[in-house]
Amino acid sequence: MHEMSITQSVVEICDKSAGGRRVLSVTLEIGDLSGVVPDAVEFCFEACTRDTLLEGARLVIEQVPGRGECTSCGKEFPVRGYFDPCPACGAYGIRVVTGEELRVKELEVE
C-alpha cells in the first residue's frame, strides 16, 4: 500500500511547515487521476501522526475531478482515465488539466 508512504511524507511536510506549533487540521487535495486512494490515506493518517505535532489533527480531503483538453479541437471535458477520447471530435490526444493533484492545500495550527 503506497498510501502509507505518501501519508508519511505528507505528515513530514506538515510537521516542518508547522514551525513547532501543534497542527489542528490538514487539508489535502487529491486528484481522481493521481492513483492515490483517499480512503486509504485517511486510514493511514492516524497511525502516521501518532507522537507528532499532528496527533489528533483533523484530516480534510478535497477530491479534484479529472479534466482534460483535446489537443485536436481544444474542447475541455471531464476525464475518468488517461485514454478517454474527446467527446466532441473522438480524438485520443488529451492534455490533463486537473486531476493529478496531490498537495497539502492548508494547515491550521495553534
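The values are calculated or read from the model by the stated rules, or taken from the named source; none is laboratory data. Predicted model only: the values in this text are computed from it and were never measured. Here the Cβ is made from the backbone with ideal geometry for all residues, glycine too, and neighbour counts use every protein chain on show.
Considered as a group, the residues in region 1-56 that are in contact with a helix residue (DSSP H, G or I) (Cβ under 8 Å, 6 or more places away or on another chain) and hydroxyl-bearing (Ser, Thr, Tyr) include one that is nearest to Val79 (Cα to Cα), and that residue is Thr7. Could you tell me how many of the residues in region 30-53 are touching a residue at least 40 places away in the same chain (Cβ under 8 Å) and within 27 Å of Thr98 (Cβ to Cβ)? Qualifying residue count, region 30-53: 9.
For the condition modelled with pLDDT of 95 or more and part of a loop (DSSP other than H, G, I, E, B), Cys14 does not qualify.
With the requirement that a residue be among the aliphatic types (A, V, I, L, M) and over 13 Å from Ser25 (Cβ atoms), what does region 40-60 give you? Matches in region 40-60: Ala40, Val41, Ala47. Taking (1) without any contact (Cβ under 8 Å) to a residue 12 or more places away in the chain; (2) touching a Gly at 6+ places or on another chain (Cβ under 6 Å); (3) among the charged types (D, E, K, R) in turn, Glu12 satisfies each apart from (2). Could you please give the count of residues in region 19-29 that are surrounded by fewer than 20 Cβ atoms within 10 Å (Cβ to Cβ) and more than 15 Å from Thr98 (Cβ to Cβ)? Counting residues in region 19-29 that are surrounded by fewer than 20 Cβ atoms within 10 Å (Cβ to Cβ) and more than 15 Å from Thr98 (Cβ to Cβ) gives 7. Mind checking which residues of region 59-110 are touching a residue at least 60 places away in the same chain (Cβ under 8 Å) and farther than 30 Å from Lys16 by Cα? Residue satisfying the conditions is Val96 alone.
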